[in-house]
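As structure tokens, the structure follows; a few thoughts come after it.
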Amino acid sequence: MGLGSYWGEVIDVLRDIIPVYDKVNSFISLGKDVEHRNQAIKGRIKKGDKVLDAGSGFGNMSKTAATIVNNDLNIILYDPLVPMLKNTDRLFDKKLDSACGVFEHVPFQNDEFDMVLSGYSLRDAISLKTAISEMHRVLKKDGRWIIVDLGKPDEAVIRFGVTCYLRLILPIIAFIAGGRLGLKFATLYGTYKLWPQNKKLKSLLLEKFSRVEFEKDLMGGAIMVAAYK
């Protein structure tokens, strides 16, 4: 499972939409992206944690975590797109440590991080199983992996509704929010098609992690996950 050869096309689109990325994401999540990040992280982040923001983009997940603990964190941003990492100053007053790379080949040691954050990014992994294995590897014992992403409902009727939203309604909203660049968000549906259903994703995580807390919103179309090593 994962994007496989489709990954290159998705990355090209992500590079193109950098100027409107945050604005359109807020619109297409129906304004709930901030709420979902807070819900997933609050109560699980601890002062002094060493945090890897995997698939960080501009660092929105890290900014949420840092705000919760009054900036008492050691954060490393990690993303496959250098232009994303170069634009983190829109969220942070100081330059954070960063590295460029993919989920499947993380350039960090075993048992290095207290927490890994992945906001709307795990869905873009080339190989989902390899990505899960790598995140497990770099976490310390009892470390936490917080995932916020699209959900793929297990119930066929609800899944059909989410599919219709992504295929038919989302492109219109994205165009209103981001103009012609917003239309490129239609690629999101391609990543959704390759994304496992919620129960399957939880099962994959439990192959590596000892405990998984799985919260849903928007009828299962949005998920907030905490996986514990």
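Values for this structure:
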item	result
Any hit, region 22-41, residues being of a type outside the set (Val, Ile, Thr), surrounded by 15 or more Cβ atoms within 10 Å (Cβ to Cβ), touching a Ser or Thr at 6+ places or on another chain (Cβ under 9 Å) and over 17 Å from Ile223 (Cα atoms)	no
Evaluation of Ile172 against (1) closer than 20 Å to Asp124 by Cα; (2) of a type in the set (A, V, I, L, M); (3) assigned to a helix (DSSP H, G or I) (one fails), failing number	(1)
Some residue of region 69-91 being at pLDDT 95 or above, touching a Gly at 6+ places or on another chain (Cβ under 7 Å) and part of a helix (DSSP H, G or I)	no
Unique match (being farther than 24 Å from Val212 by Cα and either among the hydroxyl-bearing types (Ser, Thr, Tyr) or in a loop (DSSP other than H, G, I, E, B) (or both)) among Leu14, Leu30	Leu30
Filtered residues of region 188-201 (kept if surrounded by fewer than 18 Cβ atoms within 10 Å (Cβ to Cβ) and in a helix (DSSP H, G or I))	Tyr189, Gly190, Lys193, Lys199, Lys200
Residue that is in contact (Cβ under 8 Å) with a residue 24 or more places away in the chain, within 19 Å of Val10 (Cα to Cα) and assigned to a helix (DSSP H, G or I), where the choices are Arg159, Arg137, Arg167, Arg123	Arg123
Residue match in region 59-74 (condition: surrounded by 18 or more Cβ atoms within 10 Å (Cβ to Cβ), over 24 Å from Gln39 (Cβ atoms) and of a type outside the set (Ser, Thr, Tyr))	no
Selection within region 56-68 - out of contact with any Gly (no Cβ under 7 Å at 6 or more places or on another chain), touching a residue at least 40 places away in the same chain (Cβ under 8 Å) and not polar (S, T, N, Q)	Gly57, Ala65
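The values are calculated or read from the model by the stated rules, or taken from the named source; none is laboratory data. Keep in mind it's a predicted model, so treat the numbers as computed, not measured. Glycine also receives a Cβ, built like all others from the backbone with ideal geometry; neighbour counts cover every protein chain displayed.
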